[in-house]
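The values are calculated or read from the model by the stated rules, or taken from the named source; none is laboratory data. Since this is a predicted model, take the numbers as computed values, not measurements. Note that we place each Cβ from the backbone using ideal geometry, even for glycine, and neighbour counts take in every protein chain shown.
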Amino acid sequence: MSPRVIDAHVHLYGADLAPPYWYEAMAEYGASLSGRPREEVLATIERDWFDPDGDRLVADMDAAGIDRSLVYLLDFGLYGGTNDSVSLERRYELFAAAVARHRERLVFFGGVDPRRPDALRLIERAHSEWGLAGVKIWPPAGVYPNEPACYRVYQLCAQLGLPVVIHTGQEIGPLRSECTRPIYADQPANDFPELTFVLAHAGMAWWREAADIAWHHPNVYVDIAYWQSKYLRSPEGFARELRGLISTAGKRRVIFGTDWPALRAVRRVAPATWVEVLRRLPEDPIGGVEFEREEIDLLLGGNAEAILGL
């Protein structure tokens, strides 16, 4: 029997789950890459991404053979504002309802801007009432992971036994990229050795920095969410970077993630295709870059099971 596949990085989007400016920014980004009109890209996002109850996500998981997915909520409020009719607490309720609808398949990781005065209260409520399994810090909203505001969140997560996921890697405007360098997670990893940190996206352009930090700290791991974009640019370049990431960080330190629904409609990296691309790497190396079967099995699910207790 094949090992379980765990997608350790997905999102749910919908009219009430993120502010309009986020979708508009994504449409501008997509239009610049594809050459299509912004309005067309925005319509595609609404058609292919919006999935407030998680049904489309689970259908894609079924097609790809993905057993479980970790669902991340992003906190946009302090940076760019949100629809005033949908508070962050209400968004937590909506995400929790979607996860409860698919409780055997989805795991709830809540995001909160550490600068919110009530951040700790919300984390505690989400943990006790909605089964919150982890917390995501989102530096693109303008917060550095080594700020004091983040430290109080880390302290609470350590007390509750919750892993912390930190976005690393450049982000599109109007969000901020300078906060997302992996190096800003280095000191927190030193100061909270009992806390599990996952560097989401493995730093993207700064993947070597993320890999070195994971290698240096036994409590730091990386996920490869949105690395499909690297494969689309150059399959050989992707294979070389993944080889470097695993070899540097260690085969037990790298976790599979898709950043679903991003790129789900791109046939070459649709969820089912992407899982197969990775699964075939030991037998069908790209550009002569070699991987061991154990490395890929750990990447696709074994590491997430061990690290996150799934």
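Restricting the first member to the stretch 171-199 and to residues that are farther than 21 Å from I307 by Cα, and the second to residues that are assigned to a loop (DSSP other than H, G, I, E, B) and hydroxyl-bearing (S, T, Y), the beta-carbon pairs closer than 6 Å and six or more apart or on different chains are E171/S177; C179/Y144; T180/T168; Y184/Y144. Annotation note: of L57, L12, L42, the sole residue that is surrounded by 18 or more Cβ atoms within 10 Å (Cβ to Cβ) and free of Cβ contacts under 8 Å to residues at least 40 places away in the same chain is L42.
Check the stretch 176-185 and report whether any residue there is aliphatic (A, V, I, L, M) and crowded, with 20+ Cβ neighbours inside 10 Å. Spell out the reasoning first.
The first filter runs over the stretch 176-185 and keeps only residues aliphatic (A, V, I, L, M), leaving 183, 185.
Now restrict to residues that are crowded, with 20+ Cβ neighbours inside 10 Å: 185.
Among the residues of the stretch 176-185, at least one is aliphatic (A, V, I, L, M) and crowded, with 20+ Cβ neighbours inside 10 Å, which makes the answer yes.
May I ask you to verify whether G203 is closer than 26 Å to R121 by Cα, surrounded by 15 or more Cβ atoms within 10 Å (Cβ to Cβ) and not hydrophobic (A, V, I, L, M, F, W, C)? No: the conditions fail for G203.
Would it be correct to say that A306 is under 25 Å from F197 (Cα atoms) and touching a Lys or Arg at 6+ places or on another chain (Cβ under 8 Å)?
Working: under 25 Å from F197 (Cα atoms): yes; touching a Lys or Arg at 6+ places or on another chain (Cβ under 8 Å): yes.
So A306 fits the description; yes.
So which residues in the stretch 253-310 are out of contact with any helix residue (DSSP H, G or I) (no Cβ under 7 Å at 6 or more places or on another chain), surrounded by 15 or more Cβ atoms within 10 Å (Cβ to Cβ) and acidic (D, E), if there are any at all? Once the filter is applied, which keeps residues that are out of contact with any helix residue (DSSP H, G or I) (no Cβ under 7 Å at 6 or more places or on another chain), surrounded by 15 or more Cβ atoms within 10 Å (Cβ to Cβ) and acidic (D, E), the stretch 253-310 yields D259, D297, E305. Taking each residue of the stretch 211-227 that is on the phi > 0 side of the Ramachandran plot and looking for partners that are among the small types (G, A, S) and not in a strand (DSSP E or B) with beta-carbon atoms closer than 7 Å, six or more apart or interchain, yields Y226/A262.
Please determine, by comparing only the residues of the stretch 105-140 that are part of a helix (DSSP H, G or I) and in contact with a His (Cβ under 9 Å, 6 or more places away or on another chain), which one is farthest from A185 (Cα to Cα). Top of the filtered list is P140. Where helices (runs of 4 or more DSSP H) sit wholly within the stretch 221-295, those with at least 1 residues that are more than 24 Å from E209 (Cα to Cα) and either of a type in the set (G, A, S) or at pLDDT 95 or above (or both) occupy 271-279.
Does G301 count as under 29 Å from F50 (Cβ atoms), in contact (Cβ under 8 Å) with a residue 24 or more places away in the chain and in a helix (DSSP H, G or I)?
Values: under 29 Å from F50 (Cβ atoms): yes; in contact (Cβ under 8 Å) with a residue 24 or more places away in the chain: yes; in a helix (DSSP H, G or I): yes.
Spelling it out, G301 is indeed under 29 Å from F50 (Cβ atoms), in contact (Cβ under 8 Å) with a residue 24 or more places away in the chain and in a helix (DSSP H, G or I).
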